[in-house]
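Just below is one structure, and these are the notes that go with it.
The values are calculated or read from the model by the stated rules, or taken from the named source; none is laboratory data. What you see is a predicted model, and the numbers here were worked out from it, not measured in a lab. Cβ: placed from backbone, ideal geometry, glycine included. Neighbour counts: every protein chain shown.
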Amino acid sequence: MNIHTKSPVDFRRILRDFVVTMRGAWRPAACVLLVDLERKRIEDVIDINFQRCPDCGSRLVNIALLGEIEQTSQGTPYQTQKTMALCTGNFEHAFNMRDFGYYIPPISQIMDEARDHSGQSNDQDFTLISSIHGVSTALLFTKLTGEKIHACGDTFYKLLSRDGDGFYETRFYWRADIIDRLLPVEAGQNLLENC
Ligand SMILES: [Zn+2]
């Protein structure tokens, strides 16, 4: 468990409270506890005993993919989002859950605005901004679908050379970093087009 905090947190007490709360209730076989360090309480329980892909038997994880921002003929911005269960063994095994049409600024845009606003480029701060945005987006789709959404994927242009060669690919932001080992942070392809 990696904890970066200056104030000591009594994890034994938190875990004892958790066990008491869960006594007699449904209990996942394996789970991750998301702990709110400020309030010293459990924020969420993530069952990591993920379902198996019916095609190949690998684990399935629920994700939300954010589309590019487009404009209507009247100039109103819009965007589509997809939630799906994605196979960790083969990205071609993707099972659509629901489509949405909210307007969620892409993480790349938030980062650009933060850079412009601050006039400096401390990449550590921007990494934090991007992960908070990713986590809150995953939580939003968890509420909308009633299913635990573990990551949100945004589309970035991966630059391969100075003359602008590259390709669009999906980058994931995970709710709990223990789960991110199931999939790479960068998908190597644009999942929104290929799934
Ligand atoms: Zn599969």
query = Which one of the conditions (1) modelled with pLDDT under 70; (2) among the small types (Gly, Ala, Ser); (3) within 16 Å of the ligand (Cβ to nearest atom) does Ser58 fail to meet, given that it meets all the rest?
reply = (1)
key: Residues located in segment 58-87, provided they are touching a Ser or Thr at 6+ places or on another chain (Cβ under 9 Å) and either hydrophobic (A, V, I, L, M, F, W, C) or more than 23 Å from Lys143 (Cβ to Cβ) (or both)   = Ser58, Arg59, Leu60, Val61, Ile63, Ala64, Leu65, Leu66, Glu68, Glu70, Cys87
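Of all the residues that make up segment 72-91, how many are free of Cβ contacts under 8 Å to residues at least 40 places away in the same chain and near the ligand (Cβ under 9 Å from one of its atoms)?
Kept after step one, since they are free of Cβ contacts under 8 Å to residues at least 40 places away in the same chain, are these residues of segment 72-91: 72-80, 85, 87, 89-90.
Keeping just the survivors that are near the ligand (Cβ under 9 Å from one of its atoms) gives 87, 89-90.
Final tally of qualifying residues: 3.
Residue-wise test of (1) at pLDDT 80 or above; (2) closer than 23 Å to Glu169 by Cα.
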{"site": "Arg16", "(1), (2)": "no, no"}
{"site": "Met22", "(1), (2)": "no, no"}
{"site": "Ala25", "(1), (2)": "no, no"}
{"site": "Val32", "(1), (2)": "no, no"}
{"site": "Ile42", "(1), (2)": "no, no"}
{"site": "Gln51", "(1), (2)": "yes, no"}
{"site": "Asn62", "(1), (2)": "yes, yes"}
task = Considering every residue within segment 137-151, establish whether at least one is over 18 Å from Arg98 (Cβ atoms), surrounded by fewer than 16 Cβ atoms within 10 Å (Cβ to Cβ) and over 13 Å from the mean Cα position of the chain (by Cα).
result = no
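Within segment 61-71, can you find the residues that are within 16 Å of the ligand (Cβ to nearest atom) and not aliphatic (A, V, I, L, M)? Please lay out each step first, then the result.
Initial filter on segment 61-71 (within 16 Å of the ligand (Cβ to nearest atom)): 61-63.
If the condition is that a residue be within 16 Å of the ligand (Cβ to nearest atom) and not aliphatic (A, V, I, L, M), then Asn62 is the only one that fits.
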task = Taking His117 as meeting all but one of (1) closer than 15 Å to Gly67 by Cα; (2) modelled with pLDDT under 90, write down the number of the exception.
result = (1)
